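First up is the structure itself, then whatever we jot down about it.
The values are calculated or read from the model by the stated rules, or taken from the named source; none is laboratory data. Treat the numbers as computed from the prediction; the structure is a model and nothing was measured. So basically every Cβ, Gly included, is an ideal-geometry build from the backbone, and we count neighbours across all protein chains shown. To get the accessible areas, we keep the full protein, side chains included, count just its heavy atoms, and leave off ligands, DNA and RNA. Shrake-Rupley method; radii C 1.70, N 1.55, O 1.52, S 1.80 Å.
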Amino acid sequence: MSILALLLSGAGLVAAGMSDRASNGIERGFRAALAIALGTGAWAASYAAWRMAFGTPGAAKDVVLALAGAAALAAFRRRLAAPAQGREPAPRWLYALFASACAVGAAAFVEHTVRFPDGGWDAWMIWNLRARFLARAADLHSAFSPAMAFLAHQDYPWLLPGAVAQAFSTFGESRMV
């Protein structure tokens, strides 16, 4: 249900924010990536809001988020497609440069993930620490305590820790999360 809530809320936000329908495959791919990013943000923000208002969220939070996303998607979906515009093709060297940049980025991600499975300093000191506080604590006082070490940044927002804490509660506290 969490994945459905994430995808529907992101798709609803993209449909609400774009004034017309996608005209080609590239634009649809861009909108799909944008929907995943916005859906992850909405999923984490709803976790924070639900947690502060009602306590530990259950499946009801994801149901509400999925219904809100589906309603937004239905309300804004009936738009006409933008008229097709003539475009000049990009040069082949630009495609090759883009593909090599993607390959270098993917290799760096794999290398860093294998070498530091718990993430870099920011990951384990700030984001994963806060996510563990949010996933384990019955109340929220420990996650925002002024007695917490200064370098743990108790003032940072919940976007990433909220997403990680929800994944911890769904899949367990494993390195895969």
Taking residue 91 as the residue in question, decide whether it is under 21 Å from residue 26 (Cα atoms) and open to solvent by 50 Å² or more (accessible area, probe 1.4 Å). yes
I'd like the full set of residues that are crowded, with 16+ Cβ neighbours inside 10 Å and assigned to a helix (DSSP H, G or I), limited to region 1-23. 2, 5, 6, 7, 8, 9, 10, 11, 12, 13, 14, 15
Of the residues 53, 37, which is among the small types (Gly, Ala, Ser), assigned to a helix (DSSP H, G or I) and within 17 Å of the chain's Cα centre (by Cα)? 37
Can you go through 135, 108, 143 and tell me which one is modelled with pLDDT of 85 or more, outside any loop (DSSP other than H, G, I, E, B) and surrounded by 10 or more Cβ atoms within 10 Å (Cβ to Cβ)? 108
